[in-house]
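As structure tokens, the structure follows; a few thoughts come after it.
Just so it is clear, none of the values below were taken in a lab; they were calculated from the coordinates. No experiment lies behind these values; they were computed from the predicted model shown. Cβ atoms come from the backbone with ideal geometry, glycine included; neighbour counts cover every protein chain shown.
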Amino acid sequence: MTQTTAATRLTILLPAGRLPLPLMAKAHALAEKYQLEIYLSTLQNLRLMGIREEDLPVIRGELAALGAQFKGPGRFPIPRVCIGVRDCSMGIGDPERISALILARFKDREKTKQKFKIAISGCTLGCPGVLTTDIGIMATRKGFDLYVGGKGGPNPKVGRRVLRDLDEQGVVAAVAELVDFHDAHTETKQRMVKLIDHPEFPYKLS
């Protein structure tokens, strides 16, 4: 009787959904060599599927050599973004820049408790799901509005606006305060919608 080798997957984090060409070429080469599937996730990450456990260290190492970072417990979530003002006629803000500022603010954080997501939209259409994400950031002509408590799934919730007309640094400061609040009030993981009615929630809901 032939024993089946267990398969696993590896998720490569792609800040602002951008896939560098060398990383794309390496992922393609590895997929061909090891007969893998490539999946582009709804969170704008790249996932290699069907990896044999014994091949995982080599595959991970070759990608890491190109600067790839990987999804794992405690990692700060990569914000989901739209293409923004540079590439969209509706764009009035730069979600890629806001994402980079947020990630720079948290790059030295050792561990972030699960479970929440961030979405950033370059206009009021909210294409990346700003209103159905735990922390949603929406560009407007006056700055950025911030929403909290949205979620999808079988029981979706629309996020509630807590701040208006923020500048870039105001967005980063607000996200930091919400992340600290989330960490302080959940032992393992929790969606933000479960915490917005907490008496110590830092913002007034509208």
Tally of residues being basic (Lys, Arg) and more than 21 Å from VAL179 (Cβ to Cβ) across segment 110-159: 2
Segment 51-108, residues that are within 30 Å of LYS189 (Cα to Cα) and of a type in the set (Lys, Arg): ARG52, ARG60, LYS71, ARG75, ARG80, ARG97, ARG105, LYS107
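Which members of segment 153-191 meet the condition of being part of a helix (DSSP H, G or I) and either in contact with a Lys or Arg (Cβ under 7 Å, 6 or more places away or on another chain) or among the basic types (Lys, Arg) (or both)?
At the first step, the residues of segment 153-191 found to be part of a helix (DSSP H, G or I) are 168-184.
Residues satisfying the conditions are VAL172, ALA176, HIS182, ASP183.
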Qualifying residue in segment 48-58 (condition: under 20 Å from the mean Cα position of the chain (by Cα) and touching a residue at least 12 places away in the same chain (Cβ under 8 Å)): yes
